[in-house]
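Participant: Supplied in structure tokens, the structure appears directly below.
Nothing in this text is a laboratory measurement; each read-out follows from the coordinates by a stated rule. These figures come from a predicted structure and were not determined experimentally. Counting neighbours? That spans all protein chains shown, and the Cβs are built from the backbone with ideal geometry, glycine included.
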Amino acid sequence: MHDVLFQPLKMGALEAKNRIFMAPLTRGRAADPMFTPNDMMTTYYRQRAGAGMILTEATGISVEGLGWPSAPGIWSDEQTEAWKPITKAVHDEGGLIVMQLWHMGRIVHPVFLDGKPPFSASATTAPGEAHTPTGKQPYVEARAMTHEDIQRTIGDYRRAAENAKKAGFDGVQLHGANGYLVDQFLRDSTNHRTDEYGGTPEKRTRFMREVLEAIIDVWGADRVGIRLSPNGDSQGADDSTPGETFGAAARVCEELGLAFVELRQPGPNGTFGNTEVPKQDDVIRANYTGPLILNSDYTAQEADDDVSSGRCEAVSFGRPYISNPDLEKRIAAGADFNPNTNVPKSWYFPIPEGYIDYPTMEEEQAAANAA
């Protein structure tokens, strides 16, 4: 079934064996030692190596950019070494794995920063509460980044890209979505700057461009992608003219020759965030000619339809890959998905349950035959 989803796809120097990708999924298992990958994560990614491309969970580029308990980082030698068994495991299974590089900006709570405030494009405060080791706490106002902060942070992205290369990844994806630092620069609700990094949509893309240029200098554009979330509010980051803003962002991606662009686009009935703001993939398509990956609440049939029509080249599945380590095989066989995807309690706890204990189709059948 769904033959179009099982055609190979070339994205720059990256070659995917199918068009069913695993979307970035924060899972909070890097708990001991904190922010460092472990054997449990090796098992998790190995189990899902049948995806056409694995986009890793968001991975912190620096101490000041990571504010999620037990999320992994890539800024230290120890973390870099700890990622190596993961990339080897995926490669041993014939998989493709790309690291997502993450800076949370104003979403980092001071508890992660020795009491200091986070920084962002401008002095703004995210709505809601932050996840911290001591429970949820209200976000605080970020300070506006200085030019020195900007250059230092670009250097952090470069070092993280270098470490990802040392760790054996096939490429990197810049996290430019979901209300995190790059997104905070892109959108006019969070970027109130009056210098060369703020104002017009073109100026608001400058930080994104400079980060991408630093990463490309390490990897080459043919192994670099980006994730954007161009429609609707995301953690308080929103835009009054998303077509103009993300059209400008797409033109940067085109000019730099990125290997791929991934879009998270919730709809009005989204199960993990929803919005009435129209999806913007047509705007991206008009300005970026490379491979486009779409994401958010897709069924297998919807993915087939959008790839078949040329709306996108691939679809990234998020939560279905949590409870279906062999999701692509289930889609090929027309089999049912494991129904236990939506168990928020299991998403972020640093335990094996709800992480590496989901059965494959073969294991389910073996258990049924033994019953």
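Participant: Answer with one residue from Thr153, Gly168, His192: the one whose Cα lies farthest towards the positive end of the charge dipole of region 133-214, charges on Cβ with Lys, Arg +1 and Asp, Glu -1.
Facilitator: Selected residue: Gly168.
Participant: If you don't mind, there's one more thing I want to ask. Taking amide H positions as placed in the peptide plane 1.01 Å from N, state which residues far from Ala130 in sequence (5 or more) or on other chains have amide H under 5 Å from it.
Facilitator: Under 5 Å from the amide H of Ala130 lie the amide H atoms of Gln137, Tyr139, each far enough along the sequence or on another chain.
Participant: Which value, in debye to the nearest 20, gives the size of the charge dipole of the chain about its Cα centre, when Lys and Arg are +1 and Asp and Glu are -1 at the Cβ?
Facilitator: Approximately 400 debye in magnitude.
Participant: How large is ³J(HN,Hα) for each residue in region 358-371, as worked out from phi by the Karplus curve 6.51 cos²θ - 1.76 cosθ + 1.60 (θ = phi - 60°), to whole Hz, x for Gly and Pro?
Facilitator: For region 358-371, the Karplus-derived couplings read 7, x, 7, 4, 4, 5, 4, 5, 4, 5, 5, 5, 7, 6 Hz, x marking Gly and Pro.
Participant: Amide H of Ser234: which non-local residues (sequence gap of 5 or more, or other chain) have their own amide H closer than 5 Å, using H built in the peptide plane?
Facilitator: Result for Ser234 returns nothing.
Participant: Roughly speaking, what is the centre-to-centre gap between region 184-220 and region 313-363 when only Cα atoms are used, to the nearest Å?
Facilitator: 35
Participant: What FRET efficiency, computed as 1/(1 + (r/R0)^6) with R0 = 41 Å and r the Cβ-Cβ distance, is obtained for Glu276 and Asp114, rounded to the nearest 0.05?
Facilitator: 0.50
Participant: For the ranges 89-97, 267-275, what's the packing order if you count other beta-carbon atoms within 10 Å of each residue, average per peptide, and put the highest first?
Facilitator: Those peptides, ordered most packed to least, come out 89-97, 267-275.
Participant: Still on this structure: If packing is taken as the mean number of other Cβ atoms within 10 Å per residue, what is the order of 181-188, 73-80, highest first?
Facilitator: 181-188, 73-80
Participant: Have a look at Gly310, Gly105, Gly179 and tell me which one the Gaussian network model of the chain (Cα, springs below 10 Å) gives the largest fluctuation.
Facilitator: Its mean-square fluctuation being the largest, the pick is Gly310.
Participant: Give the total of Lys-Lys pairs in the chain with Cα-Cα distances below 24 Å; include a pair only if its members are 8 or more places apart or on different chains.
Facilitator: 17
Participant: Right, another one. Rank Val277, Leu113, Ser296 by how far each Cα sits towards the positive end of the charge dipole of region 3-370 (+1 on Lys, Arg Cβ; -1 on Asp, Glu Cβ) and give me just the farthest.
Facilitator: Selected residue: Leu113.
Participant: Further question on the same structure: Would region 1-150 count as rounded, prolate or oblate if I go by the C-alpha gyration tensor, calling it rounded below 1.5 in a/c and otherwise prolate when a/b exceeds b/c, oblate otherwise?
Facilitator: Prolate shape, in that a/c is at least 1.5 and a/b is the bigger ratio.
Participant: What residue among Ala314, Ala333, Ala30 shows peak mean-square fluctuation when the chain is described by a Gaussian network model with Cα springs under 10 Å?
Facilitator: Sorting by GNM fluctuation, first place goes to Ala333.
Participant: Counting only C-alpha contacts under 8 Å and six or more residues apart, can you give the relative contact order of the chain as a whole percent?
Facilitator: Relative contact order comes out at 18 percent.
Participant: Which whole-Hz ³J(HN,Hα) couplings does region 116-130 yield from phi under the Karplus relation 6.51 cos²θ - 1.76 cosθ + 1.60, θ = phi - 60°, glycine and proline marked x?
Facilitator: Per-residue couplings from phi come out as 7, x, x, 10, 8, 4, 9, 7, 10, 10, 6, x, x, 10, 8 Hz.
Participant: Another question, if that's okay. Mean-square fluctuation check for the chain, GNM, Cα pairs under 10 Å: which of Asp114, Asp217, Asp170 is largest?
Facilitator: Comparing Asp114, Asp217, Asp170 in a Gaussian network model of the chain, the most mobile one is Asp114.
Participant: Classify region 142-201 from the C-alpha gyration tensor, please: rounded if a/c falls under 1.5, else prolate or oblate depending on whether a/b exceeds b/c.
Facilitator: Note, shape of region 142-201 comes out prolate.
Participant: Please compute the modelled spin-label separation between Lys166 and Asp195, points set 7 Å along Cα→Cβ, answer in nm with one decimal.
Facilitator: 3.0
Participant: Using just the helices of the chain, give the 222 nm mean residue ellipticity in deg cm²/dmol: DSSP H runs with n ≥ 4 each add -39,500 (n - 2.57), and the total is spread over all residues, rounded to 500.
Facilitator: -10000 deg cm²/dmol
Participant: Taking region 3-370 on its own, what percent of its Cα-Cα pair distances exceed 26 Å?
Facilitator: Distances greater than 26 Å cover 47 percent of the Cα pairs.
Participant: Over region 36-159, what is the relative contact order in percent, taking alpha-carbon pairs closer than 8 angstrom and at least six residues apart?
Facilitator: 25 percent.
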